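Bear in mind these aren't lab numbers, they're just calculated from the coordinates by the rules spelled out. Keep in mind it's a predicted model, so treat the numbers as computed, not measured. Every residue, glycine among them, receives a Cβ derived from its backbone with ideal geometry; neighbour counts consider all protein chains shown.
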Amino acid sequence: MLRSLVPLAGALIIAACGGETGDTADAAPAVHNEAAAPAAEPSATASSAATAMASSDDDDDDDDDAGAILAALGGDYANADLTNGARQFRRCQSCHTLNEGGRHTVGPNLHGVIGRAAASAEGFNYSPQLTEAGLTWDVETLNAWIENPRALVPGNRMSFVGLREADDRRDVIGYLAVETAE
Ligand code: HEC
């Protein structure tokens, strides 16, 4: 039921922009970020926006749930911007799925990654470096990893330059937590 939160946030941005500015194009992918099949994007956008708008009672619950999940992460995570988190996650999506049971692609599926031992997703062929790093993914280790994976685990196989902005890292970690909560 948390799924409708991000579409709602995207829908609000579209509404706020009046659908006229370039921001709309920017916000739209966040709306259907959850949709796995690119071919389904246009209709998924319309229907999830409609669902988000139609079920305002549920949305209040979702806000509460998301708020509680973010608050539980501690620190500044309560202020995470999930719409920006979804947008940042697009950079990860070329290599990672996030849905439960999603397939491994270039990188492992990231469902439920927070709290999980590093290199423990079944069926993914991790580098020995990450396997032997002995890390557990919490907000601190994830923050360091997303900022600069090579600095945290030299020789690992995630070719990602890193997110420089602390806010972007906070937002994408918040997004991971909310999207993969049971
Ligand atoms: C170019 C492909 C690529 C991109 C882009 C990428 N990753 Fe990865 N990621 C990988 C690979 C490959 C691994 C496995 C690394 C290894 O085994 O050394 C990995 C591993 C991880 C892990 C550890 C998972 C585990 O099970 O231990 C996390 C967490 C992660 N990535 C998060 C992210 C996030 C968040 C982003 C976006 C900000 C991102 N990745 C972008 C390829 C990528």
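Points worth noting:
- In Hz, Karplus ³J(HN,Hα) per residue of the range 93-100 (6.51, -1.76, 1.60; θ = phi - 60°; x = Gly, Pro): 5, 5, 10, 10, 8, 10, 6, 4
- Table column - 3J(HN,Hα) (Hz), the range 168-175, Karplus curve with 6.51, -1.76, 1.60, x for Gly and Pro: 5, 5, 4, 5, 6, 5, x, 4
- Net charge of neighbours whose Cβ lies under 9 Å from the Cβ of Ile146, counting Lys and Arg as +1 and Asp and Glu as -1: -1
- Each of Arg170, Arg164, Arg116 was scored by other Cβ atoms within 10 Å of its Cβ. Arranged with the fewest first, they read Arg164, Arg116, Arg170.
- Calculated FRET efficiency, Glu165 to Asp65, Cβ-Cβ distance, R0 = 25 Å: about 0.45 to the nearest 0.05.
- Extending 7 Å from the Cα toward the beta-carbon at both Thr136 and Asn79 defines two label points whose distance is 2.8 nm.
- For Thr136, the amide hydrogen comes within under 5 Å of the amide hydrogens of Ala118, counting only partners 5 or more places away or on other chains and with H modelled in the peptide plane.
- The ranking of Tyr77, Tyr175 from fewest to most other beta carbons within 10 Å of each one's beta carbon is Tyr77, Tyr175.
- Taking Lys and Arg as +1 and Asp and Glu as -1, the other residues whose beta-carbon sits under 10 Å from that of Asn109 total -1.
- Taking GluC sites (Glu not before Pro) across the range 55-154, the ones in a DSSP loop with at most 13 further Cβ atoms lying within 10 angstrom of their Cβ are Glu100, Glu122, Glu132.
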